Amino acid sequence: MGRIIIHVDMDHFFTAIEERERPEIKGKPVVVGADPKKGRGVVSTCNYEARKFGIKSGMPILRAYKLCPDAVFLPVNYELYKKVSGEIMEILQKYADKLERWGLDEAFLDVSSRVGNYKGAESLAKEVKKEIFEKEKLTCSIGIGPNKLVAKIASSLKKPDGLTVVKENEAKAFLAPLSVRRLIGVGRKTEIKLKEMGIKTIGDLASYDPSKLADIFGVMGVKLYLMAQGIDESEVREREDRKSIGRELTFDEDTNDLDFVIRILDILSECVHKDILKKDLSFKTVTLKIRYENFETHVYSKTLPFRTRQLEHLKKTAKELLVNHLRDLKIRLVGVRVSNLVLMRGQRKLELDV
Ligand code: TTP
Ligand code: MG
């Protein structure tokens, strides 16, 4: 049997939390975002009552105010939402073989090894909803499918408090009537281009000549064609909680011996690399820290175009950053740090070899 993936998306997340914290505003249109009195900034989100007035995420706050001056306008309490998000992710973690957080209020769960079939996945999803509601007094919408693409679209179809199951053999027909805009990577420009080619729905895309799509959109064209067939092999990727791993060293004496500094940097890179392997991580970003004799401190970063865990990539990038930015002062401290980390467990071997 193939995989079974669940996508969870909390309903009107920021405003739902605000309603929970202030029962007196429940039932009224609620908007979280910038202060309309200040006149600038945008809507972060709004509840479903406010959406009836045409208010949407990302809209200028003044426009929202004009659409519904009587709505309750609240500032963004990011710390609170982050805390609640952490609690929800902890609940979800228990139900998943692998959990991929997606922003504050969404997550993918790979449940393939825990449930035998879609019926089992549906019961699991109901348990998830029940536990989140009991513990957090919040609702979510859930999509279940053979991959992330289908699960994510499924979760968005019945909101709020929805549950949509799409089995592998139903995926193509499920996607067919929906707008191409729902596919990841199809923004307004691609949508217009596809429309000019007579492609409006995912079904139109699925029956289009794939070689023509490849000619026009390149690699993306092939991807679009596959997605339209309901095919998406991307894995549920667990992200490391730790944001970065690094080491630094202050010299006994300030130095301008570049060879010596590079040797130390290599040793620091080796220590960081050992940590990466121990924790089974890969990285994309390397940051060099350098402090001069006058205590002036600089950090320089480079993000690689690929994910890696190879020592050579780390050493080379750190060295490059040092040489490119070095100033004519003695050095007091150097440090190297990697970030953009991803847990490699369960990821395909291929990726380890880049
Ligand atoms: P979404 O899941 O897109 O929206 P939502 O949870 O508010 O509503 P829905 O029921 O349709 O899922 O985004 C999650 C949170 O991210 C949202 O509550 C606020 C924040 N957000 C912004 O701050 N700006 C934005 O433009 C969007 C789209 C979301
Ligand atoms: Mg949401």
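Comparing Gly33, Gly187, Gly246 in a Gaussian network model of the chain where C-alpha atoms under 10 Å apart are linked, the largest mean-square fluctuation is found at Gly187.
For the chain, the longest principal axis of the alpha carbon atoms and the long axis of helix 258-278 meet at an angle near 40°. All alpha carbon pair distances within region 18-78 were sorted into 10 Å bins beginning at 0; the resulting P(r) in whole percents reads 27, 59, 14. Across q = 0.14, 0.20, 0.21, 0.22 Å⁻¹, region 244-352 modelled as identical point scatterers on its alpha-carbon atoms has Debye log10 I(q)/I(0) values of -0.52, -0.95, -1.03, -1.11, in the order of the q list. Rounded to the nearest 5, the antiparallel percentage of DSSP beta bridges internal to the chain is 90%. Helix 311-325 and the longest principal axis of the C-alpha atoms of the chain enclose an angle of approximately 70°. For the chain, the residue among Gly116, Val334, Ser211 whose Cα projects farthest onto the positive side of the dipole built from Cβ charges is Ser211. Reducing region 156-174 and region 214-287 to their Cα centroids gives an inter-centroid distance of 35 Å. Computed over the chain, the percent of Cα pairs more than 29 Å apart is 57. Please name whichever of Leu163, Tyr95, Ile4 sits farthest to the positive end of the charge dipole of the chain, dipole taken about the Cα centre and charges placed at Cβ: Lys and Arg +1, Asp and Glu -1. Towards the positive end, the residue furthest out is Leu163.
In sequence order, region 115-129 has phi-based couplings of 10, x, 7, 5, 4, x, 5, 5, 5, 4, 5, 5, 5, 4, 4 Hz under the Karplus curve 6.51 cos²θ - 1.76 cosθ + 1.60, θ = phi - 60°, and Gly or Pro positions carry x. Applying 0.36 nm per residue to the separation of Lys28 and Ser156 and subtracting their alpha-carbon distance, the gain on full extension is 43.8 nm. In the full protein context, region 261-303 carries 48 Å² of accessible surface per residue, based on a 1.4 Å probe and ignoring ligands, DNA and RNA. For the options Ile153, Ile202, Ile262, a Gaussian network treatment of the chain with springs between C-alpha atoms closer than 10 Å singles out Ile262 as fluctuating the most.
If you stretched the chain out fully between Tyr300 and Ser123, how much longer would it get, using 0.36 nm times the residue separation minus the C-alpha to C-alpha distance? It would help to have the intermediate numbers written out before the result.
Working: separation 177, 0.36 × 177 = 63.72 nm, distance 4.93 nm.
Here the segment from Tyr300 to Ser123 would lengthen by 58.8 nm.
Counting heavy atoms of the protein chains alone, Cys140 has an accessible area of about 0 Å² for a 1.4 Å probe.
For the chain, what % of the accessible area comes from carbon and sulfur atoms, probe 1.4 Å? Write down the numbers at each step before the final one.
Details: 9680 of 18630 Å².
The value for the chain is 52 percent carbon and sulfur by accessible area.
Among Asp11, Asp70, Asp259, the residue with the largest mean-square fluctuation in a Gaussian network model of the chain, with springs joining Cα atoms closer than 10 Å, is Asp259.
Kindly list the residues of region 242-277 that lie in the label zone of Glu293, defined by a backbone N under 15 Å from the point 7 Å along the Cα-to-C-beta vector. Backbone N within reach: 251-258. Sorting Leu226, Leu265 on solvent-accessible area from highest to lowest, probe radius 1.4 Å, gives Leu226, Leu265.
Once the 1.4 Å probe is applied to the protein heavy atoms, region 26-129 comes out at 53 Å² accessible per residue.
The solvent-accessible area of Asp232, taken with every protein chain present and a 1.4 Å probe, is close to 40 Å².
Run through the DSSP bridge list for region 67-202 and note the antiparallel percent, rounded to the nearest 5. Mind dumping the intermediate values first?
Working: 6 of 9 bridges.
Taking every DSSP beta bridge with both residues in region 67-202, the antiparallel ones total about 65 percent.
Which value results when the Cα radius of gyration for region 120-192 is divided by 2.2 N^0.38 Å? Let's see the in-between values first.
Numbers: Rg = 14.0 Å, N = 73, 2.2 N^0.38 = 11.2 Å.
Compactness ratio reported: 1.25.
Near the amide H of Ser44, within less than 5 Å, lie the amide hydrogens of Val32, Gly33, Ala34, Gly58, all on another chain or at least 5 residues away, with H placed in the peptide plane.
The values are calculated or read from the model by the stated rules, or taken from the named source; none is laboratory data. Not measured: the values here are computed from a predicted model. Here Cβ is always computed from backbone atoms with ideal geometry, including for glycine, and neighbour counts include all displayed protein chains. These accessible areas exclude ligands, DNA and RNA; they are computed on the full protein's heavy atoms, side chains included. Shrake-Rupley method; radii C 1.70, N 1.55, O 1.52, S 1.80 Å.
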